[in-house]
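S.K.: If you scroll down you'll find the structure; I have some questions about it.
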Amino acid sequence: MSATGFPTLDSSVQKVHEWIKDFSEEVGGLDKHNALRGLAAGLQALRDRLPVELSAHLAAQLPLVLKGFYYDGWRPAEAVRHIRQQDDYLETVIDALADPALTPRAREIVQGVFAVLDRHVSPGEMDKVWNALPESLRRLWPGGPLN
């Protein structure tokens, strides 16, 4: 018997735990709470930088539970797609983290989100995401061609 009685939800929870574990390892061992907070903040910053349709396509590949964090507070008409510089993008993540202890790790968090997406999202979708970002933000992508 499943833990919740809903196999789809159980599967999503398991996948989210995998994403959180991968992210925590990527950024140097954040506890689960801060790893989820960092992952959600990084995903939301990316969501707001992408065109609406591409953002929705990316969300389609997230585990069900993580989609809730991704879409939380989303206002597509008000997205901050004009952000083109790393510092502005990192500031968006810092604001979403709302935790001064994590502020110095904003770059690491963004890079961790990108690395986890690379592992869990289809290469075709990641190519579209990569191509939608300005060069300055692509430089944050670990292992990307501009690094």
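S.K.: Only four residue types carry charge here, +1 at the Cβ of Lys and Arg and -1 at the Cβ of Asp and Glu. Report the dipole size of the range 1-115 about the Cα centre in Debye, rounded to the nearest 20. If you can, show how the numbers build up before the last one.
M.R.: Values: 12 positive and 16 negative charges, 39 e Å.
Charge dipole, the range 1-115, about its Cα centre: 180 debye, nearest 20.
S.K.: Does the range 68-147 come out rounded, prolate or oblate by the C-alpha gyration tensor, with a ≥ b ≥ c the root eigenvalues, rounded set by a/c under 1.5 and, if not, prolate when a/b is larger than b/c and oblate if not?
M.R.: Working: a/c = 1.41, a/b = 1.21, b/c = 1.16.
It is rounded, given that a/c, with a ≥ b ≥ c, falls under 1.5.
S.K.: Compute the acute angle (0 to 90°) between the alpha-carbon long axis of helix 123-132 and the principal axis of greatest extent of the alpha-carbon atoms of the chain; round to the nearest 10°.
M.R.: The two axes meet at around 30 degrees.
S.K.: Heavy atoms only, probe 1.4 Å: what % of the accessible area of the range 12-63 goes to carbon and sulfur, would you let me know?
M.R.: Values: 1120 of 2150 Å².
That fraction is 52 percent.
S.K.: Provide the per residue accessible area, probe 1.4 Å, for the chain, rounded to a whole number of square angstrom.
M.R.: Numbers: 7580 Å² over 147 residues.
Per-residue accessible area for the chain comes out at 52 Å².
S.K.: Here is a follow-up. For residue 15, give me every one of the lysines with a C-alpha distance below 19 angstrom, ignoring sequence neighbours fewer than eight places off in its own chain.
M.R.: Hits, sequence-local ones excluded: 32, 67.
S.K.: Something else now. Got a sec? Charge dipole of the chain, +1 on Cβ for Lys and Arg, -1 for Asp and Glu; which of 123, 71, 85 is way out at the positive end?
M.R.: Of the candidates, 123 comes out farthest on the positive side.
S.K.: Would you mind checking the tilt of helix 86-97 against the longest principal axis of the Cα atoms of the chain, expressed as 0 to 90 degrees and rounded to 10?
M.R.: Tilt relative to the chain: about 30 degrees.
S.K.: Using only DSSP helix segments of four residues or longer, with each worth -39500 (n - 2.57), what per-residue ellipticity at 222 nm results for the chain after dividing by its residue count and rounding to 500? Intermediate values should be presented prior to the final figure.
M.R.: On the way: 8 runs with 95 residues, N = 147.
Taken over the chain, the calculation gives -20000 deg cm²/dmol.
S.K.: How far apart, in nm, are two points set 7 Å out from the Cα along the Cα-to-Cβ line at residue 31 and at residue 95?
M.R.: So the label points at residue 31 and residue 95 sit 2.8 nm apart.
The values are calculated or read from the model by the stated rules, or taken from the named source; none is laboratory data. What you see is a predicted model; the values in this text were computed from it and never measured. Here Cβ is always computed from backbone atoms with ideal geometry, including for glycine, and neighbour counts include all displayed protein chains. The area values use the complete protein model at the heavy-atom level, side chains included, leaving out ligands, DNA and RNA. Shrake-Rupley method; radii C 1.70, N 1.55, O 1.52, S 1.80 Å.
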